[in-house]
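Novice: Attaching a single structure in structure tokens format; questions to follow.
The values are calculated or read from the model by the stated rules, or taken from the named source; none is laboratory data. It should be emphasised that the depicted structure is a prediction, and the values quoted were computed from it without experimental measurement. In this analysis, Cβ positions are derived from the backbone assuming ideal geometry, glycine residues included, and neighbour counts consider all displayed protein chains. Keep in mind that these areas ignore ligands, DNA and RNA; they rest on the heavy atoms of the full protein, side chains included. Shrake-Rupley method; radii C 1.70, N 1.55, O 1.52, S 1.80 Å.
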Amino acid sequence: MAIKLVEDGPETQSTHQRRRGERRLDFGTAWEYAPAPERPDHVRLRDRYGLFINGRWVSPESGKFFKTINPATEEPIAEIAEGSEADVERAVAAARQAYESVWSKMRPLERGKYVYRIARAIQERARELAVVESMDGGKPIKESRDFDVPTTAAHFFYNAGWADKLSYAFPGRAVRPLGVAGQIIPWNFPLLMAAWKIAPALACGNTVVLKPAETTPLTALLLAEIIREAELPPGVVNIVTGAGATGAALVNHPDVDKIAFTGSTAVGKLIQRALAGTGKRMTMELGGKAANIVFADAPLDQAVEGIINGIFFNQGHVCCAGSRLLVEEGIHDVLVAKLRDRMATLRVGDPLDKNTDIGAINSREQLERIEQLVQVGEDEGAERYTAPCPLPEKGFFFSPTIFTGVAQSHAIAREEIFGPVLSVLTFRTESEAVERANNTFYGLSAGIWSNKGARLFKLATQLEAGVVWANTYNKFDPSSAFGGYKESGFGREGGRHGLLPYLVVE
Amino acid sequence: MGTADGPKLAGLNGPEGRGALPPLSASPPVERVAIEERVGALARRSIKTTAKKAGLLLAIRMMDLTTLEGKDSPGKVRALCQKARWPDRTRPEIPSVAAVCVYPNLVPVAKEALEGSGVHIASVATAFPSGLSPLSIKLDDVRRAVEYGADEIDMVIDRGAFLSGEEQKVFDEIAAIKEACGDAHLKVILETGELGSYDNVRRASDVAMYAGADFIKTSTGKIQPAATPAVTLVMLEAIREFYFKTGRYIGMKPAGGIRAAKQALHYLVIVKETLGDAWLTPELFRFGASTLLNDVLMQLVKLETGAYQAAEYFSRD
């Protein structure tokens, strides 16, 4: 059987289709991983959590509680207090009192020590925090263990270091804290978002009222325990749980100096309207529909990893997810075939299993939204491919999915799905890639894959996105600023820039 | 072998399977940070209980038990062959290893010791480990080793030629040596620790496969770094591409520095999630190792009894 290899030049679409058709990889059962569950028995959760106000656990004025459930089993984990306007009032008053009497007067060096102490306590309780994060939110334990919790500690460490060096951050300028910060965070990275908000606020000398998302309040409440054990002065950090109405009460409270919000663009706009004319400062970190651009000269096998990570990390519940894949037309088929092979190795299931790559969708509501948008994609004529992963019977799960044949005008190319769903589009030239990437009302992040260094730098300046990753994706570091353009929001978190929203610079 | 369903072993395709030096465009660039991150992620797979046992037994069946020292003697090789046949005589369920790997002069000793065992004899040849001798000498080296009874030949490429841009020379040498191998399987050692970049590892892999390699192998074991998970992944990706382009199944052998059972399982995870089930066999994946076997045996006992045995409970050969 003579095999002629001589004509093997650069892969073209037609040769690829012909060859790929009969040859395939079998990701089967020759050697199966045994279940490797992270045991939750070391976790001590209470049946019921109150509000953390003025350094103490208090009952909500209304006496109302709601259940937080495990999205992988649909079983309740604990009861959570529903904070009302009156509770927000108490929390803001405590924060104001702590700001005036203690926190703004403390030597910055001492302030930093408290923040360092929180960071160390997070490391000490890392395993517990990771397990609870996965139980409450559905994300795979490998992510909460290797990403969420370590990055959370890193943010506290990083910002703690700034506390007594703020005058060096902005040389020649005088800086002072704002006062009381109201902070509202989403359900996709519950603990990490709390760190992004609380750490710079404290380091800069502000006090805080934080409202976690209603589906994922538990790790913020564990953080409250940590803050209590770190003996922070009462009222410096207050945590008020609840849903939209609780958040609205915080936004509308007249004695809050600044609102920091991470969440959907729709809610972000509501908050901006409510704050118009009040003089309150605000930062918004909102939605995204990031372009992940792959050129023909890219290191393709690594690009595949970046694409998979870009869209399937945290079930796609990532505001900077690379949800639009823009592929140079000549390599479209090769790349999609590689993606399909890679998707066959993804393990969807129990978030607490250490080998799970994709966990549970955060809530039934979100699952329904994903299903609905995927249906729209099919109705609009895009071609759907869903990985052949068996799904658990209970809980909220969605198989990783890609759509090919997507046009710029399709809803799945424009709207944020916030799930494990990728839309694949093509481009022909560099300028067309930039045009398509920027043709969105979002502007949070983008990725470029190419072997040409000059092209990476050139495109990075042309893409209207707050973060541009080159030959990588979803890289985060406390020292690096993160934030959006256009309707993805404004203000930066992380790095030196992340201090600015919590300071008056004169 | 080479049935319609099973893997077609490239070596059995014969020298007519050989092509020409592939164009540079056939060897895509490799992103260093991303490849290291990927193997790092795969290292965190949790391999427990039944998966661990199955993986460890598979690793034994994939092992090329190796001794490549200047002081190798018939006695040493006979002892190694005993271990290769029966890694643990008290536990007959432990399989034999895939092959014993020795210098050409010791092939007859190994052949005698392994008679009827099914364990292959691999021999390094081609002026191992540098490969810096005239081609005629390398060819003679290979022919002798095959004559002596080697089933598999582990050759080294001329890294000097590769790094000075003489890819065609490297290609032609591999092709000539493949021919000299006759029915013996050819493993081509790239000595990745001397190649300097993942791009070069990828390129050398492609050159070797197109020239007729049945296996590509990372290292001689004489140069540091020897096998690494990242280099192995780069080579597996080259094998994957070659398979899609030609339909031929090329084997992979990381060698050098793999001493712990945990490392072996990590390599198996990389194979499983890159190439899939077809490569999870000794016909297409080997470990080149001298001390790995005892750690694997120790872990197997630990799985059964729950306790680690002292190292002295395992024979050192």
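Novice: Tally up the carbon and sulfur contribution to the accessible surface of the protein assembly as shown as a whole percent, 1.4 Å probe, everything protein left in place.
Specialist: 51
Novice: Starting with the highest mean, order B:45-51, B:140-146 by the number of other Cβ atoms within 10 Å, averaged over the residues of each peptide.
Specialist: Descending packing order for the listed peptides: B:140-146, B:45-51.
Novice: How big is the B/A interface in buried accessible area, both sides summed, 1.4 Å probe, to the nearest 100 Å²?
Specialist: For chain B against chain A, roughly 4000 Å² becomes buried.
Novice: Explain nothing, just compute: Karplus ³J(HN,Hα) = 6.51 cos²θ - 1.76 cosθ + 1.60, θ = phi - 60°, for every residue of segment A:63-80 in order, whole Hz, x for Gly and Pro.
Specialist: x, 8, 10, 10, 9, 9, 10, 8, x, 7, 10, 6, 9, x, 9, 7, 9, 10
Novice: Same structure again: Take peptide B:229-238, look around each residue's Cβ out to 10 angstrom, count Cβ atoms belonging to other protein chains, and average those counts.
Specialist: Going residue by residue through B:229-238 and averaging, the value is 1.
Novice: Please compute, for peptide B:22-31, the average count of beta-carbon atoms on other protein chains lying within 10 Å of each residue's beta-carbon.
Specialist: Details: counts 4, 4, 1, 5, 5, 0, 11, 9, 5, 13.
That average works out to 6.
Novice: If you build a Gaussian network model of chain B, linking Cα atoms that sit under 10 Å apart, which residue out of B:Thr220, B:Thr305, B:Thr126 swings the most?
Specialist: Largest GNM mean-square fluctuation: B:Thr305.
Novice: With a point put 7 Å past each Cα toward its Cβ, work out how far B:Lys76 is from B:Ile137 in nm, to one decimal.
Specialist: Taking the two extended label points, one gets 2.2 nm.
Novice: Same structure again: Please sort by residue number the chymotrypsin sites (Phe, Trp or Tyr not before Pro) in segment A:377-446 whose DSSP state is loop and whose Cβ has at most 15 other Cβ atoms within 10 Å.
Specialist: When the chymotrypsin sites (Phe, Trp or Tyr not before Pro) of segment A:377-446 are filtered for loop state and at most 15 Cβ neighbours within 10 Å, A:Phe441 remain.
Novice: Give the lysines reachable from A:Lys67 as a straight Cα distance under 23 Å; neighbours fewer than 8 places away on the same chain don't count.
Specialist: Once the sequence-local lysines are set aside, what remains near A:Lys67 is A:Lys139, A:Lys211, A:Lys394.
Novice: Name the residues whose placed amide hydrogens come within less than 5 Å of the amide hydrogen of A:Gly489, ignoring near sequence neighbours (fewer than 5 apart) on the same chain.
Specialist: A:Leu286
Novice: Next up: If R0 is 25 Å, what FRET efficiency do you get for A:Glu506 and A:Glu100 from their C-beta distance, rounded to 0.05?
Specialist: Computed FRET efficiency for A:Glu506 and A:Glu100 comes out at 0.80.
Novice: Oh, and also: Quick one: length gained pulling A:Glu378 to A:Ala34 fully straight, 0.36 nm per residue minus the C-alpha distance?
Specialist: So the extension gain works out to 120.3 nm.
Novice: Applying 1/(1 + (r/R0)^6) with R0 = 35 Å to the Cβ-Cβ distance of A:Arg496 and A:Asn439, what FRET efficiency is obtained, to the nearest 0.05?
Specialist: Once the sixth-power term is evaluated, E becomes 0.65.
Novice: Non-local amide H neighbours of B:Ile216 (under 5 Å, H modeled in plane, Pro and chain starts lacking H): which ones?
Specialist: For B:Ile216, whose amide H was placed from the backbone, the distant partners under 5 Å are B:Val188, B:Gly251, B:Met252, B:Lys253.
Novice: If you restrict to DSSP beta bridges whose two residues both lie in segment B:33-302, what percentage is antiparallel, to the nearest 5?
Specialist: Percentage antiparallel, nearest 5: 0.
Novice: Same structure again: Sort A:336-345, A:168-177 for me by packing, meaning the mean count of neighbouring Cβ atoms within 10 Å per residue, highest on top.
Specialist: Answer by packing, highest mean first, reads A:336-345, A:168-177.
Novice: Another question, then. Step through the residues of segment A:129-142 one at a time and calculate ³J(HN,Hα) from phi using the Karplus curve (6.51 cos²θ - 1.76 cosθ + 1.60, θ = phi - 60°), rounding each to whole Hz and writing x for Gly and Pro.
Specialist: Whole-Hz 3J(HN,Hα) from phi for segment A:129-142: 4, 5, 5, 5, 4, 6, 5, 7, x, x, 6, x, 4, 5.
Novice: Moving on. In a Gaussian network model over chain B where Cα atoms closer than 10 Å are linked, find which of B:Glu283, B:Glu147, B:Glu115 has the largest mean-square fluctuation.
Specialist: It is B:Glu115.
Novice: Under the rule a/c < 1.5 gives rounded, and otherwise a/b versus b/c splits prolate from oblate, where does chain B land using the Cα gyration tensor?
Specialist: Here chain B falls in the oblate category.
Novice: Now for a different question. For segment A:285-314, list whatever residues lose no less than 50 Å² of accessible surface once every protein chain is in place, relative to that chain by itself, with the probe at 1.4 Å.
Specialist: Relative to the lone chain, where solvent access is computed with a 1.4 Å probe, segment A:285-314 loses at least 50 Å² at A:Asp301, A:Gln302.
Novice: Please report the relative contact order for chain B, taking Cα pairs under 8 Å with a sequence separation of at least 6, and give it as a percent rounded to a whole number.
Specialist: Value for chain B: 21 percent.
Novice: A follow-up question, please. Local charge sum around B:Glu304 (other residues, Cβ-Cβ under 15 Å, Lys/Arg +1, Asp/Glu -1)?
Specialist: Values: positive: B:Lys48, B:Lys52, B:Lys53, B:Arg91, B:Lys302; negative: B:Asp88, B:Glu93.
Residues near B:Glu304 contribute +3 overall.
Novice: Using a Förster distance of 45 angstrom, determine the FRET efficiency expected from the C-beta separation of B:Thr50 and B:Asp183, and round it to 0.05. Please report the intermediate quantities before stating the final value.
Specialist: Working: r = 38 Å, r/R0 = 0.84.
FRET efficiency, B:Thr50 to B:Asp183: 0.75.
Novice: Provide the solvent-accessible area of A:Trp187, counting protein heavy atoms only and rolling a 1.4 Å probe, rounded to the nearest 10 Å².
Specialist: The accessible area comes out at roughly 60 Å².
Novice: Continuing with this model, one more query. For A:Val468, what accessible surface area do you get with a 1.4 Å probe? Give it in Å², rounded to 10.
Specialist: About 40 Å², ignoring ligands and nucleic acids.
Novice: Let me ask another. Percent antiparallel among DSSP beta bridges with both residues in segment A:288-470, to the nearest 5?
Specialist: Values: 4 of 25 bridges.
The antiparallel proportion sits near 15 percent.
Novice: Using the Kirkwood radius built from alpha carbon pairs, what does the Stokes-Einstein equation give as D for segment B:119-261 at 4 °C and 1.567 mPa s, in µm² per second?
Specialist: Using the Kirkwood radius from Cα pairs, D works out to 87 µm²/s.
Novice: Mind checking the dipole of segment A:288-470: about its Cα centre, +1 per Lys or Arg Cβ, -1 per Asp or Glu Cβ, Debye to the nearest 20?
Specialist: 360
Novice: Which peptide among A:259-265, A:43-49, A:108-114 comes first, and what is the full order, when sorted by highest mean count of other Cβ atoms within 10 Å?
Specialist: Going from most to least packed, we get A:259-265, A:108-114, A:43-49.
Novice: Then there's this: Once phi is turned into ³J(HN,Hα) by the Karplus curve 6.51 cos²θ - 1.76 cosθ + 1.60 with θ = phi - 60°, what whole-Hz value does each residue of segment A:92-105 show in order, with x for glycine and proline?
Specialist: Here the 3J(HN,Hα) series is 5, 4, 5, 5, 5, 4, 5, 5, 5, 8, 10, 5, 6, 9 Hz.
Novice: Shifting gears a bit: Tell me which aspartates and glutamates have Cα within less than 14 Å of A:Lys280's Cα, excluding those fewer than 8 residues away on the same chain?
Specialist: Straight-line reach from A:Lys280, under 14 Å: A:Asp255, A:Asp257.
Novice: Using only DSSP helix segments of four residues or longer, with each worth -39500 (n - 2.57), what per-residue ellipticity at 222 nm results for chain A after dividing by its residue count and rounding to 500?
Specialist: Taken over chain A, the calculation gives -11000 deg cm²/dmol.
Novice: Please list the non-local residues whose amide H lies under 5 Å from the amide H of A:Gly447, H modeled 1.01 Å from N, same-chain partners needing a gap of 5 or more.
Specialist: Counting only residues 5 or more places away or on other chains, the set is A:Ala291, A:Asn292, A:Ile293, A:Trp469.
Novice: Quantify how strongly other chains surround peptide B:243-252 by giving the mean number of their Cβ atoms within 10 Å of each of its Cβ atoms.
Specialist: Mean number of neighbouring Cβ atoms from other chains: 4.
Novice: Please compute, over every Cα-Cα pair in the protein assembly as shown, the percentage with a separation greater than 40 angstrom.
Specialist: 44
Novice: With equal scatterers on the alpha carbons only and no solvent term, can you work out the Debye log10 of I(q)/I(0) for segment A:327-472 at 0.14, 0.15, 0.22 1/Å?
Specialist: Per q value, in the given order, log10 I(q)/I(0) is -0.79, -0.90, -1.44.
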